[in-house]
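The values are calculated or read from the model by the stated rules, or taken from the named source; none is laboratory data. Everything quoted here is computed from the prediction, not taken from an experiment. Cβ sites come from the backbone with ideal geometry, for glycine too, and all protein chains shown count toward neighbours. Heads up: the accessible areas ignore ligands, DNA and RNA and are worked out on the full protein's heavy atoms, side chains in. Shrake-Rupley method; radii C 1.70, N 1.55, O 1.52, S 1.80 Å.
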Amino acid sequence: LRFEDQNGDGKIVVCGKNITLDRTLIRFNDDLIVAATGNIYFTPNTTLKKDTGSTSNLSLIAGGEMVFDRNSDIDFAGADAGFNILIYAKEGIVSEDTTGQWISISGNQNTENTSNLFILTPGEIRVNRDLVDDTAVTRKDVNFLIWADKGIYSSNGGFDISGHSETV
């Protein structure tokens, strides 16, 4: 499955009350915004994957909960032009799976853009595997903001940054 830009503005926008992403591999090469007034649910084995080399950004916004079922993740491969990822869920973010990475960022950034990863919720973040695995080489800085008013929990994961940059 590939999301398509219908009007040529460089953005793909998916809106609804409750949104279920239920394909093995969902590729996108334009900015992707998925916004639900209710929940966003990733079925088992669903990967949301940015095309390598694209300059696309990702925003996932839920007025309810965001749930990643078994072996569901976000793969931001090829951070060539930098990356911007925003994940917000009013009622919390859940991934009970204990294997692999929840968000994987890789590639060699070849521009001077600053990259950003913002994960925010007034609820709690409960991700029981690597929360973020960033092996990307960046030419400039990366800003990480992970905020949960009710706590961040993981019994089998963490924050793995093994990439490097030319700046601090």
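Note on the range 1-64: the C-alpha convex hull projects to 4.2 nm² when averaged across all orientations. The range 110-130 and the range 25-76 have Cα centres spaced 13 Å apart.
Spin-label pair Trp147-Arg23: with each label point 7 Å from Cα along the Cα-Cβ axis, the two points sit 3.3 nm from one another. For Glu96, the solvent-accessible surface computed with a 1.4 Å probe is close to 100 Å², ligands and nucleic acids excluded. Which is farthest toward the positive dipole end of the range 1-77 among Thr55, Val13, Phe68, measuring Cα position about the Cα centre, with Cβ charges +1 (Lys, Arg) and -1 (Asp, Glu)? Toward the positive end, the furthest listed residue is Phe68. Per residue, the convex hull spanned by the alpha carbons of the range 16-168 comes to 90 Å³.
Per atom type, the chain shows carbon and sulfur on 47% of its accessible surface, probed at 1.4 Å.
Of all lysines in the structure, the ones whose alpha carbon falls short of 29 Å from that of Lys50, not counting any fewer than 8 places away in one chain, are Lys11, Lys17, Lys90, Lys140. By its C-alpha gyration tensor, with a ≥ b ≥ c as the square roots of the eigenvalues, how is the range 67-151 shaped: rounded for a/c under 1.5, else prolate for a/b larger than b/c, else oblate? It comes out oblate by the Cα gyration axes. Each of the trypsin sites (Lys or Arg not before Pro) that DSSP puts in a loop and that has at most 15 other Cβ atoms within 10 Å breaks the chain; the longest unbroken stretch is 71-139. Close amide-amide hydrogen proximity is noted between Leu21 and Tyr41, Phe42, Thr43, each under 5 Å apart and 5 or more residues distant or on a separate chain (H modeled in the peptide plane; Pro and chain starts excluded). For the range 17-146, the solvent-accessible area with a 1.4 angstrom probe is 38 square angstrom per residue. Ranking Asp9, Asp30, Asp51 by solvent-accessible area of protein heavy atoms (1.4 Å probe, all protein chains present), from largest to smallest, gives Asp9, Asp30, Asp51. Using heavy atoms of the protein chains and a probe of 1.4 Å, the accessible area assigned to Val142 is about 40 Å².
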